[in-house]
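Undergrad: First the structure, then my questions, so here it is.
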Amino acid sequence: MERVSAVRGGIWYGLRETAEMIKLQHTVFALPFAVISLVTASGAGWPAPRTWLWVIVAMVGARTAAMAFNRLVDQDIDAANPRTANRALPAGRLSRAFVWTVTVAAAAVFVAAAAQLNRLCFLLSPVVLAVLLGYSLSKRVTAFAHLWLGLALGIAPVGAWLAVTGRFASPPLVLAAAVLLWVAGFDVIYSLQDEAFDRDHGLHSLPAGVGVRRALAAARIFHLLAFAGFAAFALLAGGGPLRLAAVGLAGGLLAWQHRVVKPDDLSRVNAAFFTANGILSIAMCALFLFAKMPTVP
């Protein structure tokens, strides 16, 4: 029977490999928008410390469960793809039992954190997990898996809003739609690297289905709509020069991605995927936080 441990190196080795497997650095894509929603939902004040705590715990638990499950589902695919063959599971550095344990434990942490927030968050937690874990299977059935991934990340600002208010409202739904389209756009760009592999292995992605040029055109449309969504949310959140500057910066970074990634030159896909989008989310969060702070006379 397979041991519930890392294959070699002990528990600390396993935890280090787990951190790499779930790509902790990619937390910059969803967490900043949860923070933006959190502080906007609290109105003139600030969220209570316990709300901050449990929202962050819920975010970490949900994302860890989703990424670990994705690696389990994709192990054979990752092993066949030269770009991903060195990941921990296909390379044999972690056991499936260990990653299953991480997945279940992280999902339990997420549900427990949601219960600490309020009843609505707790009741919706299984639905959120279904969306997050379901994404891992979506690429096998639809080329719109990019939008499913966007939905998975777009849930974050809605959840943060519910954590503060306990009810739905239009501003977080607008922000969620913007995040959905933003993520779908940059995921299309990232998937350009695997166009031939996806097509050869029967996986559904926009590049594999319609080719690089049309996929990039779709990504541009997604990002134009995302920009409009960010602008609409900024206005709903109160407008002002800092929030509008955040939207302008986001627009510039989105445009830059489409300038450096070309159908015949994918050499800067990683820069467009991680660097530009990481800066976008962190900078927008910082500017929204500054906009919330009182003006010093």
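The values are calculated or read from the model by the stated rules, or taken from the named source; none is laboratory data. The structure presented is a predicted model; accordingly, all values stated were derived computationally and were not measured. Positions of Cβ are generated from backbone atoms using ideal geometry, with glycine treated the same way; all protein chains shown enter the neighbour counts.
Undergrad: I'd like the full set of residues that are part of a helix (DSSP H, G or I) and surrounded by 15 or more Cβ atoms within 10 Å (Cβ to Cβ), limited to the stretch 236-247.
TA: Across the stretch 236-247, the qualifying residues are L236, L242, R243, L244, A245, A246, V247.
Undergrad: Same structure again: Does the stretch 150-193 hold any residues that are over 23 Å from L117 (Cα atoms) and hydroxyl-bearing (S, T, Y), and which are they?
TA: Within the stretch 150-193, Y190, S191 meet the criteria.
Undergrad: Would a scan of the stretch 168-181 turn up a residue that is among the hydrophobic types (A, V, I, L, M, F, W, C), farther than 22 Å from C285 by Cα and more than 17 Å from the chain's Cα centre (by Cα)?
TA: No, because not a single residue in the stretch 168-181 is among the hydrophobic types (A, V, I, L, M, F, W, C), farther than 22 Å from C285 by Cα and more than 17 Å from the chain's Cα centre (by Cα).
Undergrad: Do any residues in the stretch 255-280 that are in contact (Cβ under 8 Å) with a residue 24 or more places away in the chain have Cβ atoms under 6 Å from those of residues that are part of a helix (DSSP H, G or I) and of a type in the set (S, T, Y), where the two are at least six apart or on different chains, and which pairs are they?
TA: Cβ pairs passing all conditions: F273/Y190.
Undergrad: Additional query: Taking the stretch 53-86, which residues are surrounded by fewer than 19 Cβ atoms within 10 Å (Cβ to Cβ), more than 19 Å from the chain's Cα centre (by Cα) and in a helix (DSSP H, G or I)?
TA: L53, Q75, D76, I77, A79, A80
Undergrad: Let me ask something else. Pairs only if they're at least six apart or on different chains, beta carbon under 8 angstrom, first in the stretch 47-64 and aromatic (F, W, Y), second surrounded by fewer than 19 Cβ atoms within 10 Å (Cβ to Cβ) and part of a helix (DSSP H, G or I); list them, first residue then second.
TA: Here the result reads W54/Q116, each pair linking the stretch 47-64 to a residue that is surrounded by fewer than 19 Cβ atoms within 10 Å (Cβ to Cβ) and part of a helix (DSSP H, G or I).
Undergrad: If the Cβ limit is 8 Å and pairs must be 6+ apart or interchain, which residue in the stretch 202-229 that is closer than 21 Å to V179 by Cβ pairs with which residue that is at pLDDT 95 or above and among the charged types (D, E, K, R)?
TA: Matching pairs, first to second residue: L206/R214.
Undergrad: Could you tell me which residue of the stretch 143-162 is farthest from the chain's Cα centre (by Cα), considering only residues that are within 21 Å of V188 (Cβ to Cβ), in a helix (DSSP H, G or I) and among the aliphatic types (A, V, I, L, M)?
TA: A145
Undergrad: What is the one condition in (1) more than 20 Å from V158 (Cα to Cα); (2) not in a helix (DSSP H, G or I) that L89 does not satisfy?
TA: (2)
Undergrad: Please go through the stretch 258-281 and give me each residue that is in a helix (DSSP H, G or I) and either among the acidic types (D, E) or at pLDDT 95 or above (or both), ordered by number.
TA: Within the stretch 258-281, L280, S281 meet the criteria.
Undergrad: So if I check each of F110, F29, which one is buried (at least 22 other Cβ atoms within 10 Å of the Cβ), modelled with pLDDT of 95 or more, out of contact with any strand residue (DSSP E or B) (no Cβ under 7 Å at 6 or more places or on another chain) and at negative phi?
TA: F110
Undergrad: Restricting attention to the stretch 102-119, which residues are farther than 17 Å from S136 by Cβ and either free of Cβ contacts under 8 Å to residues at least 40 places away in the same chain or in a helix (DSSP H, G or I) (or both)?
TA: A105, A108, V109, V111, A112, A113, A114, A115, Q116, L117, R119
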